[in-house]
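Structure below; questions to follow.
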Amino acid sequence: MNDAPHPALLPAGLYDLLPPEAEIEAEVTARLMGVLAAHGYERVKPPLVEFEETLLSGAGAARPKSAVECARSSSRTFACSPSLAPLTAASARSR
């Protein structure tokens, strides 16, 4: 029997977590967030997608080859950043 996942189910680097691993990850994340909060860090939640021209501009810009085009509307392209760092930098800069 072949236990290898089908390559078309999820893109490389993405995976599902099922019980009990999903619960373990949630507990570790909650503990880590508590430690960071105790040291003065605050939670941010940048958008997962944004307009491509915004993602590729400014101080927190992603490199054009690293951004992933997600969808197109009538005249604008949405893109996903491979890293949340540029999105977080852009959010902080615009506030």
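How about segment 36-53: which of its residues are part of a helix (DSSP H, G or I) and exposed (fewer than 10 other Cβ atoms within 10 Å of the Cβ)?
Result: A38, single match.
Could you say which residue among S57, S73 is modelled with pLDDT of 70 or more and not aromatic (F, W, Y)?
Matching residue, one of S57, S73: S57.
Are there any pairs, at least 6 apart or on different chains, whose C-beta atoms fall under 6 Å, with the first in segment 22-51 and under 22 Å from S81 (Cα atoms) and the second surrounded by 10 or more Cβ atoms within 10 Å (Cβ to Cβ) and polar (S, T, N, Q), and if so, which?
V44/T88; P46/T88; P46/S91
The values are calculated or read from the model by the stated rules, or taken from the named source; none is laboratory data. Not measured: the values here are computed from a predicted model. Cβ coordinates were reconstructed from backbone atoms using ideal geometry, including for glycine residues, and neighbour counts include every protein chain displayed.
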